[in-house]
1. If you take the beta carbon distance between residue 417 and residue 242 as r and set R0 to 22 Å, what does 1/(1 + (r/R0)^6) give as a FRET efficiency, to the nearest 0.05?
2. Count neighbours as other Cβ atoms within 10 Å of each site's Cβ, and list the trypsin sites (Lys or Arg not before Pro) in segment 311-408 that are DSSP loop with at most 14 such neighbours.
3. Using only Cα atoms, locate the centre of segment 27-68 and the centre of segment 237-316, then give the distance between them in Å, rounded to an integer.
4. I need the fraction of alpha carbon pairs in segment 299-368 separated by more than 17 Å, rounded to a whole percent.
5. If packing is taken as the mean number of other Cβ atoms within 10 Å per residue, what is the order of 442-454, 20-32, 416-428, highest first?
6. Using a 7 Å offset from Cα along Cα-Cβ at residue 203, what residues in segment 64-103 end up with backbone N under 17 Å from the label point?
7. May I ask you to give the solvent-accessible area per residue for segment 315-467, in square angstrom, as obtained with a 1.4 angstrom probe?
8. What percent does the relative contact order of the chain come to when contacts are Cα pairs within less than 8 Å and at least six residues apart?
Amino acid sequence: KFLTSSNELNKQYNFIVVGGGTAGNVLANRLSQDEGTSVLLVEAGGLNDALELKVPYLWPGLLGSAYDWNSTTTPQAALDGRAISISRGFVLGGTSSINAMLYTRGSSDNYNNIATLVGDEGWSWNSLQPYIHEDATQIDTISVTPPRYIQPIDDRVIQTTAVNSEFPFNAAPNAGNQVGMGWSESTIDTNGRRISSATAYLTPAVVNRPNLDILLHSQVTRLLSSDPTNAAKFTAVEFVESVNRVPGAAKSVSATKEIILSAGSFGTPPILLHSGVGDAADLTPFGITPVHQLPSVGKNLTDHLLIGTAWFANSTDTYETVKRNATLQAELLEQWQQTGTGAYINAGIDHVGCIRIAPNSSIFQTVPDPAGPNTGHFEFYITNGNVFGPPGLESDNFIAADPAVLSPLSRGSLTLLSANPLAAPSIDPAYMTHPWDLFVIGEAVRSAQRFFSSAPWNGYVLGRAGDFAALDIDDDDALHAFLRANVASGQHPVGTASMSPRGASWGVVDPDLKVKGLNGLRIVDASVIPLIPAAHTQAMVYIYAERAADIIKAEYK
Ligand SMILES: Cc1cc2nc3c(=O)[nH]c(=O)nc-3n(C[C@H](O)[C@H](O)[C@H](O)COP(=O)(O)OP(=O)(O)OC[C@H]3O[C@@H](n4cnc5c(N)ncnc54)[C@H](O)[C@@H]3O)c2cc1C
């Protein structure tokens, strides 16, 4: 049940899951399937019941809203000193409640490389197949559908795959080999509603389980030990409950079996650091007593890089026309509500291309290929309008591609800025500090231009828009300067509590996702992913969380 306040908490639970996000809700569901197991789910944000969290088309408006933690990076040296905004969900369902809903699993290489790296075959592509739960007819799984509102540009995209061999059609990009251009799949159900981990895994029947309590508006601040001889034997979580957004006094609640951190790549490391788990040198400046030396906490932060690029379109049937017309918006919303059809069932991205740079590219003289053969080096997806691209392009109609680096090599870190656990951490993704990333995103922009220069776009694509129009994209220096001035976050941070082999001197969790050297504390969220997949990250998070639930259940059988 949903608790109306922390006063209704039991004194203790078998499991406490911290963070009701993408991974956390999977665990809350799976662990409470056993009636004899009590589970508490603690989420900092509130309920996911607002209309804009349900209508796929409205998702861009969620960025920067009250459902977003609204994080910002440190000034990025390789991006002309710009600080970059990064969103993450501050609401039940976490980032799965505000994301773009694309469901891209990544390549088999991605999973197999991680399994090899951490020395556990259980994380390989083949072993994980039973954990891909995405069937609209089953209860407690995510619905994944292909585009069901076909956009006017879709035909031309498919025609391009037929005439330009750089973009071969891939009929099944989620089946292990992602290279090529294919139809996207999204976490949208057959009624045109967003599917999040909250809608899929916290159905009314699950919420009504007597052994599951859900506490909202409560931010976990640190982990507590009840053992006077061992400060790192964590048995309780401290949290601050907010009423009308005003934080109250710190309270605590105990776990008899495990605490599971699922607060996300930017939420999990701060809880560890404020609890004294991390590099002692990072903690003592803030007066935090180190209790468990684990230098990798917050390190290895990896994110995709993305650049919004737009072209003028010879059409009035684009996103801009809807954006400018309140009457049309009201009609589309009405249609969505009454019939579950129309433009509002679409999140905007019907095609994703995962492309490899040319095998004879100069970068390979100095950088070995970081991706396996089934894996794209870069991606671009096509949008019927300038949805995420350059600002200030309101009065015309556009088509856009958002080139992104899929296999980045830059690594950053997350550190504390304050002894106050409610304060935001310092986030430094170190974007484009590795030369590979700059090279690849440059090639991605050129590739997108070649895509729209293909015959099917004759007469439709009228030329590049905004600052992009004047750019000589064949001039490396000019292109790279444009990229430094304009790239943004791909919104896929991973790796800040990385999984590593048992006994390794680096990493934060073992392959069973237990925090190294500790009992009773596990991490299950995007932070444990040690190598970023060449994909939008929610699918991997769901798959990892399903296997994690089985690992935990097996241990307590
Ligand atoms: C704008 C945007 C668009 C995206 N689009 C896509 C897409 O189209 N497809 C895709 O696959 N991926 C997409 N992603 C990425 C994907 O959604 C995330 O990688 C994934 O959802 C992360 O899951 P998680 O469980 O690690 O974290 P989250 O889902 O973020 O869950 C963490 C939860 O913990 C809560 N929390 C944090 N700190 C605390 C605390 N101290 N106490 C209590 N609760 C806490 C948060 O409020 C949140 O609910 C997108 C991301 C963004 C930001």
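The values are calculated or read from the model by the stated rules, or taken from the named source; none is laboratory data. Everything numeric in this text was worked out from a predicted model, so none of it was measured. Cβ coordinates were reconstructed from backbone atoms using ideal geometry, including for glycine residues, and neighbour counts include every protein chain displayed. SASA here: full protein model, heavy atoms, side chains in, ligands and nucleic acids out. Shrake-Rupley method; radii C 1.70, N 1.55, O 1.52, S 1.80 Å.
1. The computed FRET efficiency comes out at 0.60.
2. On the way: sites: 323, 324, 356; in loops: 324, 356.
Here the trypsin sites (Lys or Arg not before Pro) that fit, given the DSSP loop and packing criteria, are 324.
3. Cα centres, segment 27-68 to segment 237-316: 17 Å.
4. 69
5. Answer by packing, highest mean first, reads 20-32, 442-454, 416-428.
6. The answer is none.
7. Spelled out: the 1.4 Å probe surface of segment 315-467, per residue, equals 38 Å².
8. 22
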